[in-house]
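Contents: one structure, followed by commentary.
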Amino acid sequence: MNSSSALPSPADWQQPSRLLRHSDEASYWPGPTDLSLAAAYQRQLEVRALRVARGEQPRGFKIGFTNRGIWSRYQVFAPIWGSIYDSTLVFCAGEGTLDLGGRWSRASSPKRSSACARRRLRT
């Protein structure tokens, strides 16, 4: 395998700037992580600081794993949260559709979603 096709090391792709680039590019995650939940939340705060530094504004939180029935399958034992930013929200009046634009893969099996905000979230 040549160096241009080699996967980055976990030490590289777990860095906040790399995590943000992964999100921006909607690219596949390169592999498993050995981060603890506490370390992952710390990385999330570091990515949040990078987003704020480039002008994005936190607007709320996404809470995942609220269904206790799936916790054992994923070895998750509490809900997990992450920030939502003004750059990741789409507002519409009444009804609308949302183009996921390559953000999801078949492996992630997201539920089809469309959402409308009747009023803007306040920070």
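The values are calculated or read from the model by the stated rules, or taken from the named source; none is laboratory data. The shown structure was predicted, so the numbers you read here are calculated from the model rather than taken from an experiment. For accessibility, only protein heavy atoms count, side chains too; no ligands or nucleic acids. Shrake-Rupley method; radii C 1.70, N 1.55, O 1.52, S 1.80 Å.
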Next on the checklist: Please list, ordered by chain and number, the residues whose modelled amide H lies under 5 Å from the amide H of I80; skip anything fewer than 5 residues away on the same chain.
Outcome noted: G64, F65
Checklist outcome for this item: Sorted by chain and then number, the residues having a modelled amide H within less than 5 Å of the amide H of Y85, at least 5 places away or on another chain, are R59
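Tell me the per residue accessible area of the range 18-99 using a 1.4 Å probe; a whole number in Å² is fine.
For the range 18-99, the solvent-accessible area averages 71 Å² per residue.
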